Amino acid sequence: MAILGQKEIKAARPDGTEAVSFSDFAVFFAVCWVVAAFFSSLMLRIHWFAPGDFSYWAAMYYHGIMIPVLILLYLLTQKMFCLKRINERIYSLGAILSILLAGTGSIFNTGKGMSAAVVVQIIGMVMTDCLGIILVAAMAMAALEKDIRQDKTDAAFWLLLASIMAIIMAAPLGHLAGWCMDVGISSLPGSGILLHAINLGPDKFLNGLVASHSHLTVAAILCGLAALTAKYYQYQPSVRLGGRISTLGLGLTLIGLSLATVIYVYSAVAGWEPPTFFASGPNGIPLDDLVLTTVGVGILLLVAGRAGFIVRAGSKSAAPMRASMRIAIFLNWVFTFAGSVLPGIYIEFHEGFYGGGDPPAPGALFDRIFIRAHMLYPFFLMPTMLVVLLAVGCRYRNTPAPRLWPGLFAWTSVFGMSSGLAGELLWFTTGKDSLFVAAMFFMGMALVAGMISLWPRVASRLPAEISEGEAYDRCQSKT
């Protein structure tokens, strides 16, 4: 049975229930992995809170958590956009295997050089790349089907498609960087000619690959999650003010992501350094940071335009889970913007004090603290929390009665995210990380509640008991 094929129909049981779908189990497994890897990192003493860039092992461990987050994005895309061309059983199995291989290899890849962990990691990463390619192919075929083009291919659809394509384009840059670290750049055919042509040394070329891969991947994942947020918020183009603001936000995000993809791919291959705008002495904002700021503003406009929709979710006629989940998702984006874009711009225009994190600048230590804090909070914990919020929100969106664990997850996530933002800013401004460390623990406990909320179980076939996850799986015949 091909991976690109008709979606399977779930078999009904004699008691009027349906078996747990493969995609639901794959989502649950991915969240379990993320939670287990997160708490294991504390026991393995990963140095999350050391100022500056990640060490090699911390960077690989980061991959061991973020690759399952990326696969969660893929699984939710398949569910929320009802992609009939993807065989649910095979795709979900591939997702689970990718998490096991890429996650295990990343966690045990503790040093540079070829090893069994590196081989396992590479196999899992290549499988993850294949999952993305399959998703792009299925979305492209869906867009070409005339009967659904008008209903399905809105701005959120195209943003999601562009995001996954950007992730796929960023992946080879990471693979190449890994090869250069483990085997050596001299082993690549023609590497000497390339380095001579772009006038870069091996170390600078490697640093450029790593920077382009990491920046583009994070930006693309955030844009993909923004597209899923629009889908979850039931975005539709509208002449109303909120609809226009959301459409403007989606447009800005799509333009920003497209420019970022071109900039980072070209920078990695050609060794090009983006120019600095609004320069004044050491101060100024590089072109790529300006583009990423545009992406952040676009996402903020997207969720701001749906604010009225979020408020209406709390009405008496709405399902109880809607308001709490939508509020938590909304705050996630606001806090992500506040924890990444605002401090980043402030530092760019005060480089005389921060000095790019290099001594003897008086604020060098605080710059290095921000480098680590923004990698942990807005670019690690927040997308991880968001993708689980979307998974839980989709599953319980139409649930007619309040549920303990989803409600607990929503409000503990709000507490954890709030304390995380306060902790990041406090750490950045004073050098004290105690609140930030506590916030990481709070957010980890919130993820545990999210994991329990996604526990696979048999669902009733009665209309009043249909969960959101099954509603997406069923996919109305007209789509």
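The values are calculated or read from the model by the stated rules, or taken from the named source; none is laboratory data. Not measured: the values here are computed from a predicted model. Cβ placement follows ideal geometry from the backbone for every residue including glycine, while neighbour counts extend to all protein chains displayed. These accessible areas exclude ligands, DNA and RNA; they are computed on the full protein's heavy atoms, side chains included. Shrake-Rupley method; radii C 1.70, N 1.55, O 1.52, S 1.80 Å.
Out of everything in the stretch 257-293 that is without any contact (Cβ under 8 Å) to a residue 60 or more places away in the chain and charged (D, E, K, R), what residue ends up being most open to solvent (accessible area, probe 1.4 Å)? Ranking the candidates gives GLU273 first.
Checked against the criterion of being at pLDDT below 90, touching a helix residue (DSSP H, G or I) at 6+ places or on another chain (Cβ under 8 Å), open to solvent by less than 50 Å² (accessible area, probe 1.4 Å) and not in a helix (DSSP H, G or I), the stretch 380-400 contains one or more residues that satisfy it.
What do you reckon, is VAL183 open to solvent by 40 Å² or more (accessible area, probe 1.4 Å), more than 15 Å from GLY271 (Cβ to Cβ) and not polar (S, T, N, Q)? In short, yes. Select, from ARG89, ARG85, ARG45, the only residue that is open to solvent by 40 Å² or more (accessible area, probe 1.4 Å) and in contact with a strand residue (DSSP E or B) (Cβ under 6 Å, 6 or more places away or on another chain). None of the others qualify; the one that does is ARG85. For LYS79, the conditions (1) open to solvent by less than 10 Å² (accessible area, probe 1.4 Å); (2) over 16 Å from the mean Cα position of the chain (by Cα) are fulfilled apart from (1). Which of the residues that make up the stretch 347-375 are in a helix (DSSP H, G or I), open to solvent by 30 Å² or more (accessible area, probe 1.4 Å) and of a type in the set (D, E, K, R)? Answer for the stretch 347-375, where residues must be in a helix (DSSP H, G or I), open to solvent by 30 Å² or more (accessible area, probe 1.4 Å) and of a type in the set (D, E, K, R): GLU348, GLU351, ARG368. Reported count of residues in the stretch 90-131, each being farther than 20 Å from VAL27 by Cβ and among the β-branched types (Val, Ile, Thr), is 8. Screening TRP158 against (1) open to solvent by 30 Å² or more (accessible area, probe 1.4 Å); (2) assigned to a helix (DSSP H, G or I); (3) touching a helix residue (DSSP H, G or I) at 6+ places or on another chain (Cβ under 6 Å) leaves a single unmet condition, (3). Residues in the stretch 10-38 that are open to solvent by 40 Å² or more (accessible area, probe 1.4 Å), modelled with pLDDT of 95 or more and more than 18 Å from LEU75 (Cα to Cα): ALA36 only. Cβ-Cβ contacts under 7 Å between residues 6 or more apart (or on different chains), taken from a first residue in the stretch 327-346 that is in contact (Cβ under 8 Å) with a residue 12 or more places away in the chain and open to solvent by 50 Å² or more (accessible area, probe 1.4 Å) to a second residue that is part of a helix (DSSP H, G or I) and of a type in the set (Val, Ile, Thr), are listed as ILE327/ILE310; PHE330/VAL303; PHE330/ILE310; ILE345/THR293.
Beta carbons closer than 6 Å, at least 6 apart along the sequence or on distinct chains, pair a first residue in the stretch 294-308 that is open to solvent by 10 Å² or more (accessible area, probe 1.4 Å) with a second that is not in a helix (DSSP H, G or I) and not hydrophobic (A, V, I, L, M, F, W, C) for ARG306/TYR233. Against the condition surrounded by fewer than 20 Cβ atoms within 10 Å (Cβ to Cβ), at pLDDT 90 or above and either part of a loop (DSSP other than H, G, I, E, B) or β-branched (Val, Ile, Thr) (or both), how does ILE148 come out, does it pass? Here the answer is no, as ILE148 does not meet what is asked.
Do we find a residue being open to solvent by less than 30 Å² (accessible area, probe 1.4 Å), among the aromatic types (Phe, Trp, Tyr) and in a helix (DSSP H, G or I) anywhere in the stretch 235-247? Looking through the stretch 235-247, none of the residues is open to solvent by less than 30 Å² (accessible area, probe 1.4 Å), among the aromatic types (Phe, Trp, Tyr) and in a helix (DSSP H, G or I).
Condition check for SER434 on (1) surrounded by 21 or more Cβ atoms within 10 Å (Cβ to Cβ); (2) more than 29 Å from LEU300 (Cβ to Cβ); (3) at pLDDT 95 or above: one failure, at (1). Filtering the stretch 218-234 to residues that are open to solvent by 30 Å² or more (accessible area, probe 1.4 Å) and either free of Cβ contacts under 8 Å to residues at least 60 places away in the same chain or not in a helix (DSSP H, G or I) (or both) leaves only GLN234. Just to be sure I understand the filter: pairs with C-beta atoms under 8 Å, separated by 6 or more residues or on different chains, first member in the stretch 183-206 and in contact (Cβ under 8 Å) with a residue 24 or more places away in the chain, second member of a type in the set (Gly, Ala, Ser) and open to solvent by less than 70 Å² (accessible area, probe 1.4 Å). Which pairs pass? Short answer, once both residue conditions are applied: ILE198/ALA270; ILE198/GLY271; ASN199/GLY271; LEU200/GLY208; LEU200/GLY271; LYS204/GLY271; PHE205/GLY271; LEU206/ALA177. Could you list, in sequence order, all residues of the stretch 176-193 that are out of contact with any His (no Cβ under 9 Å at 6 or more places or on another chain) and either assigned to a helix (DSSP H, G or I) or closer than 27 Å to PRO237 by Cβ (or both)? Result: GLY178, TRP179, CYS180, MET181, ASP182, ILE185, SER186, SER187, SER191, GLY192, ILE193.
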